[in-house]
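Have a look at the structure below, then the notes.
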Amino acid sequence: MDTLSQFRDEFETEYQTTKKFFEAYPESKNDYAPHEKSMKLMPLATHISEIFGWPDTILKTSELDFATGGFQPKHLSTKEDLLNTLDENFKSAQYALENAKEEDLNDTWALKNNGHEVAKWTKYGSIRHALNQITHHRAQLGVYYRLNDIPLPGSYGPSADHQSF
């Protein structure tokens, strides 16, 4: 089985769907959150765009430590920045997946916080988790849009607002 090719195809599909959601992004609602415990709209969308770059990080490293690894979430403020970040991260993921070998997916990769292991998977499992995170957070974004009367693009089929595939 050519897992890397399948991952490239899946990331392409998720990229195209996410791009439709970001093209509908309402800049006037950057600070909207449906609940005090919810992430604000722009940080949520930014997070989704950054997840697209995870395969590159996963395939090049054995871990990411949030406290000591130098990772800082981007602070975006415009739809253009959001789309550009999505494009850049998607391209880096595709490049990483094109240049990896199947056996690279068997190595382990961990998320840590100040040395404490939060999660650990094979690199295959880590990339699969990234795809799941994109889907999960994009669904959250869809709820935010719906609560603000922003028409939803279709994702895995038509939406109530866009009946075509």
Find the helices (runs of 4 or more DSSP H) located wholly in segment 1-73 whose residues include 1 or more that are surrounded by fewer than 14 Cβ atoms within 10 Å (Cβ to Cβ) and within 14 Å of the chain's Cα centre (by Cα), and list them. 3-23
Take segment 90-144 and flag every residue that is in contact with an Asp or Glu (Cβ under 8 Å, 6 or more places away or on another chain) and among the aliphatic types (A, V, I, L, M). ALA93, ALA96, ALA110, LEU111, LEU131, ILE134
Condition broken by THR68, with the remaining ones in (1) touching a Gly at 6+ places or on another chain (Cβ under 9 Å); (2) at pLDDT 95 or above; (3) more than 18 Å from ARG138 (Cβ to Cβ); (4) hydroxyl-bearing (Ser, Thr, Tyr) satisfied: (2)
Any residue in segment 48-77 that is free of Cβ contacts under 8 Å to residues at least 24 places away in the same chain sitting within a Cβ distance under 9 Å of a residue that is in a strand (DSSP E or B) and of a type in the set (Phe, Trp, Tyr)? List the pairs, counting only those 6 or more apart or interchain. THR57/TRP109
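Do we find that ASN114 is open to solvent by 50 Å² or more (accessible area, probe 1.4 Å) and touching a residue at least 12 places away in the same chain (Cβ under 8 Å) in this structure? Outline the logic, then answer.
Numbers: open to solvent by 50 Å² or more (accessible area, probe 1.4 Å): yes; touching a residue at least 12 places away in the same chain (Cβ under 8 Å): yes.
Yes.
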Total residues in segment 126-156, condition more than 19 Å from PHE71 (Cβ to Cβ), open to solvent by 20 Å² or more (accessible area, probe 1.4 Å) and either touching a strand residue (DSSP E or B) at 6+ places or on another chain (Cβ under 8 Å) or not in a loop (DSSP other than H, G, I, E, B) (or both): 9
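Given the criteria open to solvent by less than 20 Å² (accessible area, probe 1.4 Å) and farther than 27 Å from SER164 by Cβ, does LEU105 qualify?
Values: open to solvent by less than 20 Å² (accessible area, probe 1.4 Å): yes; farther than 27 Å from SER164 by Cβ: yes.
Yes, satisfied.
The values are calculated or read from the model by the stated rules, or taken from the named source; none is laboratory data. Because the structure is predicted, anything quoted here is derived from the model rather than measured. A quick note on method: Cβ atoms are made from the backbone with ideal geometry, for glycine too, and the neighbour counts reach across all protein chains shown. SASA here: full protein model, heavy atoms, side chains in, ligands and nucleic acids out. Shrake-Rupley method; radii C 1.70, N 1.55, O 1.52, S 1.80 Å.
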